[in-house]
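Enquirer: This is the structure I want to talk about, given as structure tokens.
The values are calculated or read from the model by the stated rules, or taken from the named source; none is laboratory data. Quick caveat: nothing in here was measured; it's all calculated off a predicted structure. Methodologically, a virtual Cβ is constructed for each residue, glycine included, from the backbone with ideal geometry; neighbour enumeration extends over all protein chains shown.
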Amino acid sequence: MIGTALNYIRKRLDAHLLSVPGLEKDGKTPVRVIFVEGDKLDPLTIPQDAIAMLVANVQEDREFRAPDRYHRRIAGVHGSQIESHHPDIHLEITVLFIAQFKDYGNAWNQLAHLLFFFQEHPVFDVAVDKDLPAGVGRLANELCSQTFQQQNELWTALRCSLRPSVLYRFRMITLRGKAMQGQPVPIQKVETRLNQQEIQANLRSPPPPKL
């Protein structure tokens, strides 16, 4: 689900950048936006003439978390019904876009058009974007502003020098919890019976303490 949603963003952005007139590529790469290869993360290696997508953080989006996480309303034959399920998880994914071009100015031009694209498409919604991956009904994005300290901490963690880049947060990717198999066993009513002597013994006050 996460990888599928990220790949959807990558394809949409790649198609846009390749269609912009005057945005010349420095090389002959067939695509403009790529994922960083898994075996080139340490040290971080980004191909030339491309914009690399790198997930910087994944966290739970608790703003849309339901009060009762273990029950949800579903459509049934005789109206809506309540189903017990394992809790859904709503995710926020922060993605770093790094432009790796020989021409420094061209790198920022590429990122500028990336900004224009997300400005024009702040939300991908299944009602409009029919090609959204199954399970992703709505995918919103927002530009993340970093302080110098936060920027320094991020690039220090990546162990490489600062490069032309922008940081975006995407929400929400929902990992839908599966329905629980069966229902919890109800608590059985237990009756206890005491004879008259046991009742009198229970009601009898304890003897006073010895001084």
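Enquirer: If the requirement is being part of a loop (DSSP other than H, G, I, E, B), over 30 Å from Ser161 (Cβ atoms) and modelled with pLDDT under 85, which of these qualifies: Ala75, Ala134?
Expert: Checking each option against the conditions leaves just Ala134.
Enquirer: Between a first residue in segment 96-121 that is modelled with pLDDT under 95 and a second residue that is loosely packed, with under 12 Cβ neighbours inside 10 Å and of a type outside the set (Asp, Glu), which pairs have beta carbons less than 7 Å apart while being 6 or more apart in sequence or on different chains?
Expert: Gln100/Gln48; Lys102/Gln48
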